Every structure is written in C-alpha cells, then in structure tokens.
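Data block below; observations after.
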Amino acid sequence: EGKYQLDFVGRFENLNSEFQKVKEALHLKKPFIQHLKKTNNRFNDYSKFYTDSTIKIVQEKYKEDIVKFKYTF
C-alpha cells in the first residue's frame, strides 16, 4: 500500500550520519559500523556504470522508491 512501518529510513549515501542518528536514538555508546574492504576511487561514482538502457530498467523496476526517496540519475 506504499506505507512503511518503520521509525527511520536512512540513505546509504549518508551512511555515517544516518548511523549516528540510530546510535543516538538507541542510546548506544560504541560505534557499531566499520567500512571494510573499501574500493578504490574509480568505483565510487556508480553513475558511470549506467547506460541509457540500464537507467530505464532501474527506473521502471524501482520507480516507487525513486519517487518516494527523491533519487535521480
């Protein structure tokens, strides 16, 4: 029905700050997330891997999420 039964939805692209919000809400002291096996910089811009046809596929498959969470290509 397009409704989420969640208290919080974080964005992956803001992972550190989103987890900070979760930590504060749950009153956690220790960090509980680590970034292991980080890729090199050439993989950081995911948009370079999309073609016009793959963009269409993703837009069709995830249309609801793209609109709801205001994602763009």
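The values are calculated or read from the model by the stated rules, or taken from the named source; none is laboratory data. All of these numbers come straight from a predicted model, not from anything done at the bench. Cβ sites come from the backbone with ideal geometry, for glycine too, and all protein chains shown count toward neighbours. Note: areas computed on protein heavy atoms with side chains; ligands, DNA, RNA excluded. Shrake-Rupley method; radii C 1.70, N 1.55, O 1.52, S 1.80 Å.
Working note: Debye formula, equal point scatterers on the alpha-carbon atoms of the chain, no solvent; log10 I(q)/I(0) at q = 0.13, 0.28 Å⁻¹ is -0.60, -1.26. Placing +1 on the Cβ of every Lys and Arg and -1 on the Cβ of every Asp and Glu, with nothing else charged, gives the chain a dipole about its Cα centre of roughly 340 debye.
Projecting the Cα atoms of 47, 67, 5 onto the charge dipole of the range 5-73 (Cβ charges, centred on the Cα centre) puts 47 farthest toward the positive pole. Report summary: the helix-based calculation at 222 nm, which adds -39500 (n - 2.57) for every DSSP H run with n ≥ 4 and divides by the residues of the chain, gives -11000 deg cm²/dmol. Here the range 9-73 exposes an accessible surface that is 56 percent carbon and sulfur, computed with a 1.4 Å probe and the other protein chains kept in place. What is the list of residues in the range 1-20 whose amide nitrogen lies under 13 Å from a point 7 angstrom out from the Cα of residue 64, following Cα to Cβ? Taking a point 7 Å out along Cα→Cβ of residue 64, the residues of the range 1-20 whose backbone N falls under 13 Å are 1-5. Excluding the site residues themselves, the longest part of the chain lacking any trypsin sites (Lys or Arg not before Pro) in a DSSP loop with at most 10 other Cβ atoms within 10 Å is 39-69.
Among the chymotrypsin sites (Phe, Trp or Tyr not before Pro) within the range 1-69, those in coil by DSSP and having at most 13 neighbouring Cβ atoms inside 10 Å are 4, 8, 32, 50, 62, 69. For the chain, the number of Lys pairs with C-alpha atoms closer than 17 Å, counting only pairs eight or more positions apart or on separate chains, is 8.
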